[in-house]
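Beneath this line is the structure, given in structure tokens, with notes to follow.
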Amino acid sequence: MDSKVLDRLARVVGTGGVLSTPEDLAVYSYDATFAEGLPGLVVLPETTEQTAEVVKVLAEHRIPIVARGMGSGMAAGSIPVCEGGAVVCFTRMNRILEIDTANATVRAEAGVVTATLQAEGEKHGFFYPPDPSSIRHSTIGGNVACNAGGPRCLKYGVTGNYVLGLTVVLADGRILRTGGKPIKDVTGYNLNGLFTGSEGTLGLITEALLRLVTRPRHAKTCLAEFPRLADASRAVNAILAAGIVPATLELMDQTAIGCIEEAMHLGLPRDVEAILLIETDGSDEGTVAGEIETAGRISTENGARSVKVARTESEREALWKARRSISPSLARKAPNKLGEDITVPRSAIPEIVQRLRAISARFGLPIVIFGHAGDGNLHPNILFDKRNPEEWKKVEEMVGEIFGAALAVGGTLSGEHGVGALKRPWFERALGPVSVEVQRRLKQALDPTNVMNPGKMFQD
Ligand SMILES: Cc1cc2nc3c(=O)[nH]c(=O)nc-3n(C[C@H](O)[C@H](O)[C@H](O)COP(=O)(O)OP(=O)(O)OC[C@H]3O[C@@H](n4cnc5c(N)ncnc54)[C@H](O)[C@@H]3O)c2cc1C
């Protein structure tokens, strides 16, 4: 990297804020996927104004700018794919700037860890619902940039449903402020929506103003066992049709149950095709309890052979342990796993599961299926050994087939993780040429020299 560029950047963020040794760069060369890409340098700004100056210097030298939070992304979005790219990492911008109790909002810098923001909200009696499973190792900036979701999305919505305003450094270094505290705001285009989910391709998010809600005081959880997976899927629809919107409606298939049991010995039934973990919550204890009883009854009417309702907090924790144990259990089962996050119309869950099983059988590698059944958002995880080149080749083909299957049943590529570098080849097939052309034009209008995260989303 040109030493003049490094000097100029160091004058903006201080010498400690510019990293360029091979050891430092290696730390920023990967995320939660198998992709890797070494940046040419890393910059760690501490304020929006510093970020704007950094962008001006980098853009002047046409150095690609790759935003990074904590690198927990599952689409290789924060990895530089262009040689010599600069990673702008927000972990030093980790201050919660304001909690406005009257308006129930929180203003936070991009690098605040999501769990920290949640905990801070709770101290003031509020609730910030978006709950990606990576909550302790992902940032608010990354969550907004990916429009992150989680198990509670069915009832509470995704990150984008909580974004009231953003501060964004544009590709030319100007600072844009979108939205504000008014809940209703239709003055002009919805720029919050434009930057939410933009994966660092339109600008660098430096601050977010987020909506908080009242914390639900009661929660009830149950686990329903279904000999047939199609019945579990029917039960999901029937519960929602009855007017119950659980906070969580999680599905685990037989392969997932088997993996959890092998690793954790929780006493889950290995002879059923699926289990549903259902949780209702709210401020009225009686209503919450009534809803879980009804959800359980509907499950039974739709083929559940048993429904276990947690009577105490420790029983509730035990039921959740199964869901939380999936990822670590898979890690014990095979050296590697590759997880996707396809989303399908809820009614298509049985068909997609059948198609995923057929793909697994054809290639001879296990696919574990679990996910947010209420949203139709499934996480098929392929288990394999990356050291075996034949298996890796199969995995690459299987991923293509998984996306193809999701599109064939009216679904989409990603419900949470985004497109990044990995789903680029499928972007146009999923959206069609007109949608991609419109999105390209938006990108060109905001970033005419394509410095913001080039090589992501669009096939260049
Ligand atoms: C174990 C595990 C569980 C997960 N569970 C979930 C889940 O339940 N739900 C879910 O949605 N995701 C989940 N993820 C994926 C990931 O954690 C989320 O996508 C998260 O939002 C990424 O945040 P991050 O700070 O790590 O961002 P990074 O990985 O650093 O970046 C992700 C993308 O956002 C862009 N970006 C980051 N910060 C900014 C910024 N300030 N301005 C502009 N662009 C920016 C990057 O360029 C990149 O394109 C999981 C990941 C792991 C490893």
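In the range 308-365, the residue that is nearest to the chain's Cα centre (by Cα) out of those that are of a type outside the set (A, V, I, L, M) and assigned to a loop (DSSP other than H, G, I, E, B) is GLU340. Taking the residues in the range 113-125 that are open to solvent by 30 Å² or more (accessible area, probe 1.4 Å), in contact (Cβ under 8 Å) with a residue 24 or more places away in the chain and more than 10 Å from the ligand (Cβ to nearest atom) as candidates, determine which candidate is nearest to THR214 (Cα to Cα). If we take residues in the range 113-125 being open to solvent by 30 Å² or more (accessible area, probe 1.4 Å), in contact (Cβ under 8 Å) with a residue 24 or more places away in the chain and more than 10 Å from the ligand (Cβ to nearest atom), then GLY125 is nearest to THR214 (Cα to Cα). With respect to VAL236, is the statement that it is of a type in the set (A, V, I, L, M, F, W, C), open to solvent by less than 30 Å² (accessible area, probe 1.4 Å) and over 25 Å from the mean Cα position of the chain (by Cα) true? Here the answer is no, as VAL236 does not meet what is asked. For the range 189-201, does any single residue satisfy the condition of being without any contact (Cβ under 8 Å) to a residue 60 or more places away in the chain, over 21 Å from ASP100 (Cβ atoms) and buried (at least 23 other Cβ atoms within 10 Å of the Cβ)? Yes; the residues of the range 189-201 include at least one that is without any contact (Cβ under 8 Å) to a residue 60 or more places away in the chain, over 21 Å from ASP100 (Cβ atoms) and buried (at least 23 other Cβ atoms within 10 Å of the Cβ).
Scanning the range 50-64 for residues that are more than 12 Å from the ligand (Cβ to nearest atom), open to solvent by 10 Å² or more (accessible area, probe 1.4 Å) and over 10 Å from ASP172 (Cα atoms) yields GLN50, HIS61, ARG62, ILE63. Scan the range 13-28 and tell me whether some residue there is open to solvent by less than 20 Å² (accessible area, probe 1.4 Å) and within 13 Å of the ligand (Cβ to nearest atom). Taking every residue of the range 13-28 in turn, none turns out to be open to solvent by less than 20 Å² (accessible area, probe 1.4 Å) and within 13 Å of the ligand (Cβ to nearest atom). Checking ALA67, ALA75, ALA110 one by one, the residue that is within 16 Å of the ligand (Cβ to nearest atom), in contact with a His (Cβ under 7 Å, 6 or more places away or on another chain) and touching a residue at least 60 places away in the same chain (Cβ under 8 Å) is ALA75 and no other.
From the residues in the range 410-427 that are open to solvent by 40 Å² or more (accessible area, probe 1.4 Å) and closer than 23 Å to GLY149 by Cα, which one is farthest from the ligand (Cβ to nearest atom)? First the steps, then the outcome.
So the first thing to find is which residues in the range 410-427 are open to solvent by 40 Å² or more (accessible area, probe 1.4 Å), and the list is 410, 412, 422, 424-426.
Narrowing the set further to residues that are closer than 23 Å to GLY149 by Cα leaves 410, 412, 422, 424, 426.
On the way: GLY410: 21, THR412: 14, LEU422: 11, ARG424: 12, TRP426: 17 Å.
Once the filter is applied, the top-ranked residue is GLY410.
In the range 255-272, the residues that are at pLDDT below 95 reach residues that are open to solvent by 60 Å² or more (accessible area, probe 1.4 Å) and part of a helix (DSSP H, G or I) with C-beta atoms within less than 7 angstrom, at least six apart or across chains, in these pairs: CYS259/LYS333; GLU262/LYS333; ALA263/PRO328; ALA263/ARG332; LEU266/LYS321. Taken together, the residues in the range 132-187 that are over 30 Å from LEU58 (Cα atoms), part of a loop (DSSP other than H, G, I, E, B) and within 9 Å of the ligand (Cβ to nearest atom) amount to 8. Every residue in the range 273-314 that is free of Cβ contacts under 8 Å to residues at least 24 places away in the same chain and of a type in the set (Asp, Glu), please. Listed by number, the residues that qualify are GLU293, GLU313.
Residue pairs whose Cβ atoms lie under 6 Å apart, sitting 6 or more positions apart in sequence or on different chains, and linking a residue in the range 137-159 that is of a type in the set (Val, Ile, Thr) to a partner that is more than 6 Å from the ligand (Cβ to nearest atom) and open to solvent by 40 Å² or more (accessible area, probe 1.4 Å), are VAL158/ASN147; THR159/ASN147.
The values are calculated or read from the model by the stated rules, or taken from the named source; none is laboratory data. Small disclaimer: the values here were computed from a predicted structure and weren't measured. Every residue, glycine among them, receives a Cβ derived from its backbone with ideal geometry; neighbour counts consider all protein chains shown. Surface accessibility is based on the protein's heavy atoms, side chains included, excluding ligands, DNA and RNA. Shrake-Rupley method; radii C 1.70, N 1.55, O 1.52, S 1.80 Å.
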